[in-house]
Amino acid sequence: PASISVKELAEVLGKKGSDLVMALMKKGQMLNINATLDFDTAAAIAEDYNVILEQEEEKDILETVFAEEEDDEKDLKERPPVVVVMGHVDHGKTSLLDAIRHSNVTKGEAGGITQHIGAYTVQIDGKPITFLDTPGHEAFTAMRMRGAQITDIAILVVAADDGVMPQTVEAINHAKAAGVEIIVAINKMDKPSANPDRVKQELVEYGLVAEDWGGQTICVPVSAVTKEGLDSLLEMIILVAEMKELKANPNKHARGAIVEAQLDKGRGPVATVLVQNGTLQVGDPIVAGAAYGKIRAMTDDKGRRVKKAGPSTPVEILGLSEVPSAGDSFYVAENDKQARQVAESIIAKNRENMIKETPQKVSLDDLFSQ
Ligand code: GDP
Ligand code: MG
């Protein structure tokens, strides 16, 4: 549980409730025996009694209902890598993503590039790579917090004329914590003040040692402006992806993550989702947090209507009852009724949690009537 009462904590510590209340009061913490403590507060108190409190992982309703069976090796097929671009502000994340997207657009598709669905797939020598087009690391952080591990590779953009900056370090920490492979793109190589060696030097401090310096980190000098090095960068992504042997089972109900979502005046809730396993189809009943519905229509990153989307494919979907949060997982249910019921139990649980989190006021009367 996310919270515990003083009384319950006393039991855990093998003390009388009233004794714990007194002990806390002596330390200046005026708490009623029925007051609820959040986990961190309870853990800090327990520590004073040399007891380590461990939080029991609360199983997500969705995780329970849609518990995933492990796929049979024979059902697994290669899937494209999912790549996120991270780095300090103004080091060229957006420019790089744009350059990659445009470099890959064939003339026939030119109209499609205006489409922005928060993620896109490019083909490199017939091999697809999916890029998450989310600016900054906020979305990425939100996704990690919700436990959705959706990226395989992080491109760390570092401007060659500026070097490692605070958000570069943040990005490194996020990627490492998520166990995501880092490829460094040393950007702005076209600038006269570009100094890639300084960047490599600075990265050493954060455990990223460039390959040509005897380390393991792939560093590719690039310029989003002149497009220099972009092909090498993409080749490196393919190479790393192949080494990781990324696979999924396209022949089952889909599950995945919400990349971004908003309310469209005409179309209702619109969500860009990334399929992680299985195949998503028009007509599928889905649940994403408290949002549910039957997929009415799907559009790919080129603005084309599609009926299906397999693993590592981003698509925009219509038909949800409300706007889900970026980072929420989505699941395809057995039928419409199950989707609705699961969403309803989540709504009920959210309401319950909200009531629990409302702070309790403790008056002196309460305190001394124990
Ligand atoms: P973001 O904040 O990381 O998304 O950075 P942007 O892509 O918005 O780029 C910040 C600024 O750097 C813009 O003025 C870009 O035109 C410029 N910029 C990005 N990449 C390069 C590059 O390779 N060379 C040069 N000279 N400028 C670049
Ligand atoms: Mg940007």
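The values are calculated or read from the model by the stated rules, or taken from the named source; none is laboratory data. Worth saying up front: this structure is predicted, and the values here are computed from it rather than measured. Cβ atoms come from the backbone with ideal geometry, glycine included; neighbour counts cover every protein chain shown. Ligands, DNA and RNA are excluded from the accessible area calculation, which covers all protein heavy atoms including side chains. Shrake-Rupley method; radii C 1.70, N 1.55, O 1.52, S 1.80 Å.
For the reader, a short list of remarks on this structure follows.
- Cα pair count fraction exceeding 34 Å, expressed as % - the chain: 42
- Were the residues from TYR49 through GLU235 laid out at 0.36 nm apart, the gain over their Cα-Cα distance would be 61.3 nm.
- Among ILE45, THR226, ALA309 the positive-end extreme of the charge dipole of the chain (Cβ point charges): ALA309
- For TYR49, the accessible area of its heavy atoms, probed at 1.4 Å with every protein chain present, is near 70 square angstrom.
- Straight-distance candidates among the lysines for linking to LYS294, with alpha-carbon spacing under 16 Å and chain neighbours fewer than 8 residues away dropped: LYS307, LYS308, LYS337.
- Nearby aspartates and glutamates by direct alpha-carbon distance to LYS77 (threshold 13 angstrom, same-chain neighbours under 8 apart not counted): GLU242, GLU245
- If R0 is 45 Å, the Cβ-Cβ spacing of ARG296 and VAL89 corresponds to a FRET efficiency of close to 0.75.
- Under 23 Å of direct C-alpha separation, and excluding same-chain neighbours fewer than eight residues apart, LYS26 reaches these lysines: LYS7, LYS15, LYS16, LYS361.
- Selected from TYR292, TYR120, TYR206 as most flexible by GNM, with the chain as the system and alpha-carbon contacts under 10 Å: TYR206
- Cα shape, region 218-282, gyration tensor, a/c 1.5 rule: oblate
- Shape category assigned to region 263-311 from the gyration tensor of Cα positions, a/c cut at 1.5: oblate
- Förster radius 30 Å - calculated FRET efficiency between ALA177 and VAL12, Cβ distance, rounded to 0.05: 0.50
- Burial ranking of peptide ranges 334-342, 79-87 (average Cβ count within 10 Å, highest at the top): 79-87, 334-342
- Between LYS77 and LYS252, the simple label model (points 7 Å from Cα in the Cβ direction) yields a spacing of 1.5 nm.
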